[in-house]
Amino acid sequence: MTTSQTLQGKRIVLGVSGGIAAYKAADLTSKLVQAGAIVDVVLTDGALAFIRPLTFNALTRRQVHTTLNEPWSLEQAGHVSIAADADLLIVAPATANTIARLALGLVDDMLTAVALATQAPILIAPAMEHHMWHHAATQHSLAILRERGVTVVDPETGRLASGAIGDGRLAVVERIVEQARTVFGEGPLMGRRVVVTAGGTQEAIDPVRYIGNRSSGRMGVELAIASRRLGASVTLIAVEDVDIPNMDVTIVRVRSALDMQDAVETAVASADVLIMAAAVAVFRPATEAQQKIKKQPGQTEMTIELVRNPDIVAGIGKPGLVKVGFAAETEHLLEYAESKLRAKGLAMIVANDAVGTIGSSDSEATLLFADRGPIHLPKLPKRDVAMAIVSLLTSLLDRDHA
Ligand code: C5P
């Protein structure tokens, strides 16, 4: 699949805000146009200080928008038409100021007016100085935008305009184009179906109590997001208490390991990949009391009989299904992970230290495979670990279908 096919005929509004990286927006425009997109460029006042409209006009052969006070015509109702016609709004570079304006919903120029008026997905590629990027205000605005479903193409670490080395360099143009393609569901996993499980199962003792664990489900949610970003159709089977942001995936809610097993068996029937990120309880109470268990006068002890849960992932024997599992251990990590990989028939297992990972936003993982050497990832946010895992699925699928 080439880039040139996937953006063909797509209407993209490219908002450029005022940082030195604005000059890179010309290259981005050129790549989008070469890929077949119809690109309407909107420049903020800040951008105009760095780069001229004629550059974008020559690249797109279309009018470049620089002010909210453009005259309307019968065909063109200013920001309303630009917003309505858009299939995607990209803001690149997105400065700290523009990110804050978008988060607040301000409308003080054409770019922010289009951003508020459009129903199209929004993708932003921030670029700024290291400390501006890490400032709590910027990160808070980004969290708000992410919560609203905006895709953020994180900046890179490298040489900044000041000459310093730090975070905040605009993502390379190819990465922004790649993200634009995945917004249209045209990534490398397009046409693939991925099932992800998330959270710690709840094994009922009575109607109000359960045996659980500390898993937040975050890794599973990030895996679902990453799979969707790469174009897969995703079913996320999550325990009731897992926080799931607004996203374009099928969500199935479960509580116990047995519920999860039912949901997984149904979902994998039409799937190519199963990623078992859930922390499944090994044992469950032998019986669930129908009424809340009452303490008896003088009672000082209570015994709950437990029985073994089925191993969900080991029990799925669908030919051709790529199974990915997790091993969170407190000791002998790689040794235990390796034996689980074999015992459960997995293509890949993600091994990490249980104490540092469960409930945390970061993870330091080693990926072990059935058919190749291990990959050690440094300590990274779970979002990045998830993308690294999901990016490897294509090679595992190709191998299975070879
Ligand atoms: O054996 P252990 O629980 O450590 O294995 C972890 C892996 O197996 C995870 O991918 C987990 O989701 C999966 N698992 C399962 N069914 C169970 C227990 C674990 O599918 N009953």
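The values are calculated or read from the model by the stated rules, or taken from the named source; none is laboratory data. No experiment lies behind these values; they were computed from the predicted model shown. We place every Cβ from the backbone using ideal geometry, glycine too, and count neighbours over all the protein chains shown. We work out accessible area using only protein heavy atoms, side chains counted, and drop any ligands, DNA or RNA first. Shrake-Rupley method; radii C 1.70, N 1.55, O 1.52, S 1.80 Å.
The single condition among (1) touching a residue at least 60 places away in the same chain (Cβ under 8 Å); (2) farther than 28 Å from ALA327 by Cβ; (3) open to solvent by 40 Å² or more (accessible area, probe 1.4 Å) that ALA180 does not meet is (3). Of the residues that make up segment 369-379, is at least one aliphatic (A, V, I, L, M), open to solvent by 50 Å² or more (accessible area, probe 1.4 Å) and under 19 Å from ASP272 (Cβ atoms)? No: segment 369-379 contains no residue that is aliphatic (A, V, I, L, M), open to solvent by 50 Å² or more (accessible area, probe 1.4 Å) and under 19 Å from ASP272 (Cβ atoms). Please go through segment 186-212 and give me each residue that is at positive phi and within 16 Å of the ligand (Cβ to nearest atom), ordered by number. Answer for segment 186-212, where residues must be at positive phi and within 16 Å of the ligand (Cβ to nearest atom): just GLY199.
With respect to the conditions (1) farther than 23 Å from LEU396 by Cβ; (2) touching a helix residue (DSSP H, G or I) at 6+ places or on another chain (Cβ under 8 Å); (3) near the ligand (Cβ under 8 Å from one of its atoms), VAL282 falls short on a single one, namely (2).
Across segment 143-174, the number of residues qualifying as touching a residue at least 24 places away in the same chain (Cβ under 8 Å) and under 24 Å from THR29 (Cβ atoms) comes to 15.
Counting only helices (runs of 4 or more DSSP H) that sit wholly inside segment 128-221, those with at least 1 residues that are of a type in the set (Ser, Thr, Tyr) are 136-147, 173-183. Of the helices (runs of 4 or more DSSP H) lying entirely inside segment 289-402, those carrying at least 3 residues that are within 16 Å of the ligand (Cβ to nearest atom) and in contact (Cβ under 8 Å) with a residue 60 or more places away in the chain are 382-391. Which of the residues spanning segment 124-180 are among the basic types (Lys, Arg), at pLDDT below 95 and within 19 Å of ALA47 (Cα to Cα)? Listed by number, the list is empty, since nothing qualifies.
Among the helices (runs of 4 or more DSSP H) confined to segment 1-113, the ones with at least 1 residues that are in contact with a strand residue (DSSP E or B) (Cβ under 8 Å, 6 or more places away or on another chain) and open to solvent by less than 20 Å² (accessible area, probe 1.4 Å) are located at 24-34, 45-48, 53-60, 78-85, 96-104. Screening PRO121 with (1) more than 17 Å from VAL41 (Cα to Cα); (2) of a type outside the set (D, E, K, R); (3) open to solvent by 50 Å² or more (accessible area, probe 1.4 Å) gives one miss only, at (1). Give segment 263-279 a look and list any residue that's within 13 Å of the ligand (Cβ to nearest atom) and open to solvent by 70 Å² or more (accessible area, probe 1.4 Å), or say none. Correct list: GLU265 only. It is to be established whether one or more residues within segment 329-337 are at pLDDT 90 or above, charged (D, E, K, R) and open to solvent by 70 Å² or more (accessible area, probe 1.4 Å). Yes: segment 329-337 contains one or more residues that are at pLDDT 90 or above, charged (D, E, K, R) and open to solvent by 70 Å² or more (accessible area, probe 1.4 Å).
Here VAL252 meets each of (1) of a type outside the set (S, T, N, Q); (2) assigned to a loop (DSSP other than H, G, I, E, B); (3) within 16 Å of the ligand (Cβ to nearest atom); (4) without any contact (Cβ under 8 Å) to a residue 24 or more places away in the chain with one exception, condition (2).
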